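Here's the structure we're looking at; comments come further down.
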Amino acid sequence: MHNRGVIQPDGNLTNFLLSSEGKLWVIDEDDVEVYPGSVSSKVAVSNLANIVSRISSQPLRDALVEAYMRGAATHIVEGWDDEEFWRTVDEVRSQTEMKWRKRNISTDREFD
């Protein structure tokens, strides 16, 4: 997705479908942004952190990041900062949980 210049700012996991053939579909196109060519490392890391923050299980988070990195463009892999990424994940998760609390939605969820 990022290699093709596409990001989905709404990291809700229900905005993505994975086919049995391993193809990823983004189904909520309202917020999708398309860049010419691959997105920058900074944009990719920020967008991935938003998506990963929606998952509460650390093993699932780790598996998603590992799979992502196997297919990521070279400039994304080379620009990767693990500490910065996980700090961003925690920040986004905190912001999301604040929104949930304001809406009286449980923060004890497996995914969003």
Any idea how many residues of region 1-39 are among the hydroxyl-bearing types (Ser, Thr, Tyr) and surrounded by 10 or more Cβ atoms within 10 Å (Cβ to Cβ)? 3
For a quick check of your reading of the model, give me the residue pairs whose first member lies in region 98-112 and is touching a residue at least 24 places away in the same chain (Cβ under 8 Å), whose second is part of a loop (DSSP other than H, G, I, E, B) and surrounded by 11 or more Cβ atoms within 10 Å (Cβ to Cβ), with beta-carbon atoms closer than 6 Å and at least 6 apart or on different chains. Glu110/Ser56; Phe111/Arg54; Asp112/Asn12; Asp112/Arg54
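Scan region 29-51 and give yes if some residue there is over 20 Å from Asn15 (Cα atoms) and in contact with a helix residue (DSSP H, G or I) (Cβ under 7 Å, 6 or more places away or on another chain), otherwise no. Walk me through how you get there before you give the answer.
Filtering region 29-51 for residues over 20 Å from Asn15 (Cα atoms) gives 36-38, 40-42.
So of that shortlist, the ones also in contact with a helix residue (DSSP H, G or I) (Cβ under 7 Å, 6 or more places away or on another chain) come out as 38, 41.
Within region 29-51 (the criterion being over 20 Å from Asn15 (Cα atoms) and in contact with a helix residue (DSSP H, G or I) (Cβ under 7 Å, 6 or more places away or on another chain)), the answer is yes, since at least one residue qualifies.
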Looking only at region 57-74, and only at residues there that are more than 15 Å from Asn47 (Cα to Cα) and of a type in the set (D, E, K, R), the one that is surrounded by the most Cβ atoms within 10 Å (Cβ to Cβ): Asp62
Residue under question is Val92, and the condition is that it be under 18 Å from Phe111 (Cα atoms), out of contact with any Leu (no Cβ under 9 Å at 6 or more places or on another chain) and surrounded by 11 or more Cβ atoms within 10 Å (Cβ to Cβ); does it hold? yes
If you scan region 80-112, which residues turn out to be small (Gly, Ala, Ser) and either touching a Phe, Trp or Tyr at 6+ places or on another chain (Cβ under 6 Å) or at pLDDT 90 or above (or both)? Ser94
Take the residues of region 53-112 that are within 14 Å of the chain's Cα centre (by Cα) and basic (Lys, Arg): which is farthest from Lys23 (Cα to Cα)? Arg87
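The values are calculated or read from the model by the stated rules, or taken from the named source; none is laboratory data. Computed from a prediction, not measured in an experiment: that's the story for all the values here. Here Cβ is always computed from backbone atoms with ideal geometry, including for glycine, and neighbour counts include all displayed protein chains.
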